[in-house]
Amino acid sequence: MFDQLDLRLLKVFIAVFRERHIGRAADTLGMTQPAVSTVLARLRKTTGDPLFIRSAEGMQATEMARKWYLPVAEAMKALEAALSLPATFDPATSRRTFIIYMTDVGQLLVLNRLMQRVAFYAPRIHIRVVAHWEGSLADRLHDGSIDMAFGWIPQLKSRKSSILLFKDRYVGLHDTSAPVNANSEFLQYAVADIPSSAHHAVLDRLQAQTRVPVITTPSFFILPEILVGKSYIAVVPERFAKLIIDQRKKPLSILKLPFMLPTLSIRLHWSASSWHDGGIDWLRQQITACLADPPALTDDH
């Protein structure tokens with residue numbers, strides 16, 4: 001079988017696996033959709049496996065494709081590195097697309113500032129923000145399908161390829177026009193449980209205290225809207241709470257939570273294998289510059 005595989009087939013396999021969509025894979029490769037479909041059909045015939053199955057969520061990888069992906073992607077990356085001469089990165093002329101993982105909190109904190117810098121220094125650069133991926137985030141950083149990850153990601157804390165940007169903490173956010181129950185035992189909480197994120201720690205702590213949130217959402221952005229006119233307390237990072245209060249001008253205020261939660265160490269992560277990549281270095285510098293002066297925490301905690 002291996003003597004029937006060529007680089008073009010493997011590049012198509014990697015692109016379809018990452019994008020989970022024939023059209024997006026074609027765009028990534030600079031090919032037409034029919035051409036990608038033809039190559040994929042050849043690859044299926046060679047392997048004797050469908051590799052990808054259409055579903056409502058896109059092209060779902062089979063068990064064989066999942067086993068193949070990481071070793072094939074790493075081998076292709078090593079081959080390309082061996083065959084390519086080091087190239088300097090020029091932000092003024094580059095048309096590169098950078099893929100960054102951020103939750104909605106990260107997007108609120110940094111994305112607007114980052115795009116202002118991109119528009120000024122690198123007008124042809126494209127930024128693609130993702131919140132989900134196939135497999136582990138560490139693998140996606142290592143194989144290059146995600147260039148950088150921003151946020152509180154403790155599962156990556158042992159990786160040397162990261163820098164601490166700032167620390168944050170959870171607070172309660174509530175509507176000041178709606179009275180909060182004085183008895184902490186009867187407080188009602190609204191919580192964000194973002195898929196694949198460490199923010200599940202909030203739910204774990206509440207469950208340990210036999211508390212059930214009145215509502216759980218997959219993002220933080222909707223929580224301020226849910227609070228209006230209700231006595232709920234949203235559990236959110238403090239810098240997120242302060243920015244929401246400043247931007248939306250709603251009658252919201254911050255209060256101290258009656259239970260302890262972990263400190264949020266907000267870090268920037270990238271693959272150690274990209275140490276020679278001038279584009280990654282440039283992007284890291286831009287994000288760091290965006291957060292050189294993050295909103296201060298309050299002193300009453």
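General observations
- Pick from the range 206-224, criterion assigned to a helix (DSSP H, G or I) and aliphatic (A, V, I, L, M), ranking: surrounded by the most Cβ atoms within 10 Å (Cβ to Cβ): Leu223
- Per-region count, the range 264-301, residues among the polar types (S, T, N, Q), out of contact with any strand residue (DSSP E or B) (no Cβ under 8 Å at 6 or more places or on another chain) and at pLDDT below 90: 3
Let's see how each residue does on (1) within 24 Å of Met102 (Cβ to Cβ); (2) assigned to a loop (DSSP other than H, G, I, E, B); (3) open to solvent by 20 Å² or more (accessible area, probe 1.4 Å); (4) in contact with a His (Cβ under 6 Å, 6 or more places away or on another chain):
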site	(1), (2), (3), (4)
Ile226	yes, no, yes, no
Lys230	no, yes, yes, no
Gln247	yes, no, yes, no
Leu268	yes, no, no, no
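- Here Met76 fulfils each of the conditions (1) free of Cβ contacts under 8 Å to residues at least 60 places away in the same chain; (2) open to solvent by less than 40 Å² (accessible area, probe 1.4 Å) apart from (1).
- Whichever residue in the range 196-236 is closer than 22 Å to Ser265 by Cβ and among the hydroxyl-bearing types (Ser, Thr, Tyr) and, among such residues, is modelled with the lowest pLDDT: Ser196
- Scan of the range 161-191 for residues that are in contact with a helix residue (DSSP H, G or I) (Cβ under 7 Å, 6 or more places away or on another chain) and farther than 30 Å from Ala292 by Cβ, ordered by number: His174, Asp175, Tyr189, Ala190, Val191
- Flag if Phe186 is open to solvent by 20 Å² or more (accessible area, probe 1.4 Å) and modelled with pLDDT under 80: yes
- Within the range 84-135, the set of residues being open to solvent by less than 90 Å² (accessible area, probe 1.4 Å) and of a type in the set (S, T, N, Q) comprises Ser84, Thr93, Ser94, Thr97, Thr103, Gln107.
- Number of positions in the range 15-27 that are buried (at least 22 other Cβ atoms within 10 Å of the Cβ) and either among the β-branched types (Val, Ile, Thr) or under 9 Å from Gly58 (Cβ atoms) (or both): 1
- When restricted to residues that are assigned to a loop (DSSP other than H, G, I, E, B) and touching a strand residue (DSSP E or B) at 6+ places or on another chain (Cβ under 6 Å), the range 188-198 contains 1.
The values are calculated or read from the model by the stated rules, or taken from the named source; none is laboratory data. Being a predicted model, the structure only gives us computed values, none of them experimental. Quick reminder, even Gly has a Cβ in these numbers, built from the backbone with ideal geometry, and neighbours come from all protein chains shown. These area figures cover heavy atoms from the full protein model, side chains too; ligands, DNA and RNA do not enter into them. Shrake-Rupley method; radii C 1.70, N 1.55, O 1.52, S 1.80 Å.
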